[in-house]
Amino acid sequence: MHHKTIIEPFRIKSVEPIKFTTRADRSAALVDAGYNVFRLHADDVLIDLLTDSGTGAMSSQQWGALMQGDESYAGSRSFYRFRDVVQDLTGFQHIIPTHQGRAAERILFHTQVRSGHVVPNNNHFDTTRANIEVEGAEARDLVIAEGRVPSALHPFKGNIDLDALEALLVEDKRQGGRLVPLVMVTITNNSGGGQPVSLENLRGVRRLCDTYSKPFFLDACRFAENAYFIKLREKGQGDRTPADIAREVFRLADGCTMSAKKDGLANIGGFLAMNDSQWADTARNLLILTEGFPTYGGLAGYDLEAIARGLEEVVEEPYLKYRIRSTAYLADKLTSGGVPIIQPAGGHAIYIDARGMLPHIPPVQYPGIALANALYVEGGVRGVEIGTVMFGLRADGTEVPPAMDLVRLAIPRRVYTQSHIDYVAEVVLAVAAASVSLRGYRIVSAPAVLRHFTARFEPLPEEGK
Ligand code: F0G
């Protein structure tokens, strides 16, 4: 078969209705929500692209596996099934289940990171950064230069800058090895546009970690999408299976944190995995204190079953081919309509350059909020601002806009069809055509930390009114 059309590699057995609303309904809902799409009732959203986390559709095999869940407190059969699948995939010795990714981060960082430490990464995700900073340490982003420029083209924009990493490790050595407790790399690089990291770059990190005797941990939330990008884009990798590539990637590292809500194809769950027995013992002790016994870690037995099956399905080639193509499909439609987005398309999301699209709205008037709100009012599409509201507030209360003001449209796994995505593109293009009429916002009320979740906004009056 040599047909060009890449189709959804599944048929649909169970459906969930979505609610159609009028523009007037949506405008009223947005006012009630304080002009913050996080505060909307999800029933008032038609196409929800807020996140790809925990929002995927499980397969009939996963739903079937739920009935196999063993809910024994200790030593449950479901744990051993989960452990065997994770061990086969990653090769790590110690597999510690957690209720989601950030719990794995908290356990790793609280047991291994101290005040004054520096943890390097390509780009830390916000929970990763927060869990390092809460220990009094610094989370340092060392993505390559191209990874910071929306329009720059590079097949692996998520790569870490190996020279910058080595410079930090040289400084660590000068300080007797007391500066850097571990090196992290996030695959794919969510905060940098869902961009992949190459095998060559990961091998480079391994070499540096060997030279300077540092443990290397992956933030592996989207490891399968990253493996497929390696297959598509990296020289000499085209004939390998995604599973084979993923296995090699994990075996370059000493451990990982994982949110099974992404490439675990599950609605909840995660794990922390590593080879070092001492680190694992300390981690399990904290796990028992805050998450649960080491064979369930805050999850039900049936969750462990769903994750085990999800990890097997996520590396299947027809799935990954559809997944990466369907995200690129939206990117192609937006790009050919002249909408500025981070190029090339990420694995799980499209990132619209709101600052580039709305040059008349200065960053401190939140172009990302203006765009996200307009997408909702125009067509009931919910995305998320990743810009000045999310990252611009300093501890001293001043506001410093980050490098970009983006709106992320994250695509839930196996949930929306091609016509849903056609509709999303139509809505974005309609908003883009009327972009000069969009106005900025001001914050009416906001908490001191993580303000984007709960802040209330107000549109600024039109010029001269
Ligand atoms: N690391 C990365 C790269 C992530 O994208 C996320 C979550 C986490 C860690 C934390 O995992 O949510 O299971 O605790 N990202 C979601 C998102 C929330 O919308 O991008 P978690």
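The values are calculated or read from the model by the stated rules, or taken from the named source; none is laboratory data. Values in this document were obtained by computation on a predicted structure and should not be read as measured data. Here the Cβ positions follow ideal geometry from the backbone for every residue, glycine too, while neighbour counts run over all protein chains shown. Surface areas here come from the heavy atoms of the whole protein model, side chains and all, with no ligands, DNA or RNA. Shrake-Rupley method; radii C 1.70, N 1.55, O 1.52, S 1.80 Å.
Remarks
- Looking only at segment 403-436, and only at residues there that are in a helix (DSSP H, G or I) and among the acidic types (Asp, Glu), the one that is surrounded by the fewest Cβ atoms within 10 Å (Cβ to Cβ): 422
- Hey, residue 414 farther than 15 Å from residue 330 by Cβ, away from the ligand (no atom under 16 Å from the Cβ) and modelled with pLDDT under 95 or not: no
- On the stretch given as segment 242-269, residues that are acidic (Asp, Glu) and in a loop (DSSP other than H, G, I, E, B) total 2.
- Selection of segment 324-338 for residues being open to solvent by less than 10 Å² (accessible area, probe 1.4 Å) and not small (Gly, Ala, Ser) yields 327, 330, 334.
- Checking 211, 257, 241 one by one, the residue that is open to solvent by less than 10 Å² (accessible area, probe 1.4 Å) and modelled with pLDDT of 95 or more is 257 and no other.
- Taking each residue of segment 170-181 that is under 20 Å from residue 136 (Cα atoms) and looking for partners that are small (Gly, Ala, Ser) and not in a helix (DSSP H, G or I) with beta-carbon atoms closer than 9 Å, six or more apart or interchain, yields 177/213; 178/116; 179/116; 181/137.
- Condition met for residue 439 (in a strand (DSSP E or B) and not β-branched (Val, Ile, Thr)): no
- Residue ID - farthest from residue 293 (Cα to Cα), chosen from residues in segment 38-93 that are crowded, with 18+ Cβ neighbours inside 10 Å and basic (Lys, Arg): 81
- Just one of the listed residues (229, 217) is assigned to a strand (DSSP E or B) and either more than 12 Å from the ligand (Cβ to nearest atom) or not aliphatic (A, V, I, L, M) (or both), namely 217.
- Any chance residue 48 is within 13 Å of the ligand (Cβ to nearest atom), touching a residue at least 24 places away in the same chain (Cβ under 8 Å) and within 23 Å of residue 218 (Cα to Cα): no
- Residue selected from segment 96-118 under the condition of a type in the set (A, V, I, L, M) and within 17 Å of the chain's Cα centre (by Cα), by the criterion surrounded by the fewest Cβ atoms within 10 Å (Cβ to Cβ): 103
- Out of 307, 288, 268, one residue alone is within 17 Å of residue 101 (Cα to Cα), surrounded by fewer than 18 Cβ atoms within 10 Å (Cβ to Cβ) and at pLDDT 95 or above. It is 288.
- Condition check for residue 300: surrounded by fewer than 23 Cβ atoms within 10 Å (Cβ to Cβ) and either at pLDDT 95 or above or within 13 Å of the ligand (Cβ to nearest atom) (or both): yes
- Of all residues in segment 19-37, those satisfying the criterion of being surrounded by 14 or more Cβ atoms within 10 Å (Cβ to Cβ) and part of a loop (DSSP other than H, G, I, E, B) are 21, 33, 34, 35, 36.
- Among the residues of segment 245-261, those identified as of a type outside the set (A, V, I, L, M) and closer than 17 Å to residue 183 by Cβ are 250, 251, 254, 255, 256, 257.
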